[in-house]
Amino acid sequence: MAFGEQPAYLRVAGDLRRKIVDGSLPPHARLPSQARIREEYGVSDTVALEARKVLMAEGLVEGRSGSGTYVREQPVPRRVARSGYRSGGPSTPFRQEQAEAGARGTWESGSEQTAAPAPIAERLGIEPGERVMRTRYVFRDAGEAMMLSTSWEPLALTGRTPVMLPEEGPLGGSGVVDRMAAIDVVVDNVVEEVGARPGLAEELLVLGGVPGHVVLVIGRTYYASGRPVETADVVVPADRYRLAYHLPVR
């Protein structure tokens, strides 16, 4: 079999990937054994093993203890709408977007006071160690965990006010903009930065997936006259969801 100039393990992985994509190796099919790969492609055991590792890292195959390596069924990506906050709607952007999509969205949350770690303090424009309210969320669609979020708000701003706990009190669950307005803080800007990284073990345990699976991370910060009033990290499985932004033209 003639190949180009790529390293042998990448050439083998590329050919196996092509077979997976075109259906020659359909979902749940057993990947050729290491010995079969070695024989078919004329490579060493080391090359065959590295090629299999590439496909596993890409999420195309999965190992089953005592059985072998099998082609994974690839999920059809679903859309997560990111259209920003709109006043007069049903509370937070997540709730608005879930309602629009007709999805069966539920969520769980828990809040606790903690000291701001240095990266979060920088995002909030406060000193490391200052007290913040940290709220962790798990968002579900039809019972399946689809998104994680961790939010931080400076207690110097919200402490001893009716909106100190984001999901409790008279404005519990109303979203950052409405809650801040209740304490005379006018949110006028929100910034989102999107990146990707391998999911942490504790994230993948909740979201589903294997070590190495990639997640999208949205770093979001709300501002009032240039002052950060809330920042959050939103984590979404990259293999199951796509971010769709609806940005108005002004």
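The values are calculated or read from the model by the stated rules, or taken from the named source; none is laboratory data. Computed from a predicted model, the values in this text were never measured in an experiment. Counting neighbours? That spans all protein chains shown, and the Cβs are built from the backbone with ideal geometry, glycine included. Surface areas here come from the heavy atoms of the whole protein model, side chains and all, with no ligands, DNA or RNA. Shrake-Rupley method; radii C 1.70, N 1.55, O 1.52, S 1.80 Å.
Worth a mention:
- Loop GluC sites (Glu not before Pro), segment 109-182 (other Cβ atoms within 10 Å of the site Cβ: 14 or fewer; DSSP): Glu130, Glu168
- Of the GluC sites (Glu not before Pro) found in segment 1-77, those in coil by DSSP whose Cβ has at most 12 other Cβ atoms within 10 Å are Glu5, Glu73.
- For the chain: relative contact order, % (alpha-carbon pairs under 8 angstrom, 6 or more apart): 16 percent
- Rounded to the nearest whole Hz, the Karplus-based 3J(HN,Hα) values (6.51 cos²θ - 1.76 cosθ + 1.60, θ = phi - 60°) of segment 197-209 follow the sequence 7, x, x, 6, 4, 5, 6, 5, 4, 7, 7, x, x, with x at glycine and proline.
- Carbon + sulfur, % of accessible area of the chain - ligands and nucleic acids excluded, 1.4 Å: 53 percent
- Cα pair distances in segment 1-70, grouped into 10 Å bins until the bin that holds the longest one, percent each: 21, 58, 20, 1
- Å² per residue, accessible surface of the chain at 1.4 Å: 54 Å²
- For the chain, adding -39500 (n - 2.57) for each run of n ≥ 4 DSSP H residues and dividing by the number of residues yields -7500 deg cm²/dmol at 222 nm.
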